[in-house]
Amino acid sequence: MNLVTSLAKRFLLLTAPVVASSALVASPSLAATFAFSESYLELDGFSHKPGSLNTLAVTETFTFAESGAVEATGSAVAFFGYDPNDNQGNNDASPVAFNHSLSTAEGEGTSYSGVAKSGAAVTGYNFSVKAGETFSFGFRGFLDLFTSIDTPKTERARAAGGAFFHVYDTSDDNNWTLLDSFDIFANIFTSDQGNGDFISPLQHSDNIALNPGSTGVNNSFGGNEESASADFDGSYSRTFENATSVTLVEAKGNYAKAEGVPEPSFMIGSLLFTLMGAGYRAKNKNRKSSSTVSE
């Protein structure tokens, strides 16, 4: 489906195992950065069975260290199916779904960069809902972001993440219609020039009910340590006047980046030192050439 593919690309969703990578060189241990982004969501209690199920998961990491040490790690897992313990001889058993993604990056030194991306998604296609029936399910999950640096002038840490689910009318396979949605997004950038920190409210359509006792959004922005989090618990319920084929798409993505950059004065000093050295060598070369000619 083109729509599912575009949503999957939104969170870099391609089937992949847990991936981790690191880059290490001699480190002066001058500073430390850390970025963390994690999300989880589970769905159960489906009133109807899907025609088919699909899961996707991906991780991607990148590291570079010129003077320092850096590590980036990503993990992702997704499941949508039937619990074998509940489905033995029970044709009325409903499916359950959950997915989890995690990205972390950390480093120390004066010149390094580490990035981790992760994402997971589940899709239930073509729940067949008859006229007058109510399609429903329950859900719960969380989103957590955290960043930490020691030296704002030379360190940066970024964490971002989001999770959503969309309910579509897919009676016309070539023309999906969005019926209801739920989403949460957040971003943190910690540095001496950090800006754009935010966490959205829990946005949802009218057919989604949240449990206020276990739902909330929190943040702590500013300083060398920042965080943002959301917990949610709720249910979805919609009654259809006409027979409808319903498709559910749920996805999440997480991003973490840690980097150390040399101070501008150090970089300028290094450049001047290099130019002076080059000038000194050129001067000596000219002197030797003059001495050879005079002989």
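Annotation note: Cβ proximity below 7 Å between a residue of the stretch 58-77 that is in contact (Cβ under 8 Å) with a residue 40 or more places away in the chain and a residue that is of a type in the set (Asp, Glu) (sequence gap 6+ or interchain) occurs for THR63/GLU71; GLY68/GLU108; ALA69/GLU108; GLU71/GLU106; GLY74/GLU60. Among the residues of the stretch 193-243, those that are of a type in the set (A, V, I, L, M, F, W, C), outside any strand (DSSP E or B) and without any contact (Cβ under 8 Å) to a residue 60 or more places away in the chain comprise LEU202, PHE221. Restricting SER94, SER47, SER67, SER27 to those that are over 22 Å from the mean Cα position of the chain (by Cα), modelled with pLDDT of 95 or more and surrounded by fewer than 20 Cβ atoms within 10 Å (Cβ to Cβ) reduces the list to SER47. Would you mind stating whether GLY277 is in a helix (DSSP H, G or I), modelled with pLDDT of 50 or more and surrounded by fewer than 16 Cβ atoms within 10 Å (Cβ to Cβ)? Here the answer is yes, as GLY277 does meet what is asked. A search for C-beta distances below 6 Å between a residue of the stretch 97-126 that is assigned by TED's automatic domain parsing to the domain that holds THR154 and free of Cβ contacts under 8 Å to residues at least 60 places away in the same chain and any residue that is among the aromatic types (Phe, Trp, Tyr) and assigned to a strand (DSSP E or B), counting only pairs 6+ apart in sequence or on different chains, returns PHE98/PHE79.
Per this entry, TYR236 is not counted among residues that are closer than 22 Å to ASN99 by Cβ, among the aromatic types (Phe, Trp, Tyr), in the same structural domain as ALA72 (by TED's automatic domain parsing) and in contact with a helix residue (DSSP H, G or I) (Cβ under 8 Å, 6 or more places away or on another chain). Evaluation of LEU179 against the conditions (1) at pLDDT below 95; (2) outside any loop (DSSP other than H, G, I, E, B); (3) over 17 Å from the mean Cα position of the chain (by Cα) shows that the sole unmet condition is (1).
Mind telling me which of the residues THR61, THR73, THR15 ends up being polar (S, T, N, Q) and at pLDDT below 90?
THR15
Apart from one condition, ALA93 fits all of (1) in contact (Cβ under 8 Å) with a residue 24 or more places away in the chain; (2) over 16 Å from GLU250 (Cβ atoms); (3) not charged (D, E, K, R); the exception is (1). Being surrounded by fewer than 20 Cβ atoms within 10 Å (Cβ to Cβ) and either modelled with pLDDT under 95 or more than 16 Å from the chain's Cα centre (by Cα) (or both) is true of ARG140.
The values are calculated or read from the model by the stated rules, or taken from the named source; none is laboratory data. Note that the coordinates shown come from a computational prediction; the quantities given were computed from them, not determined experimentally. Virtual Cβ from ideal backbone geometry, glycine too; neighbours counted across all protein chains shown.
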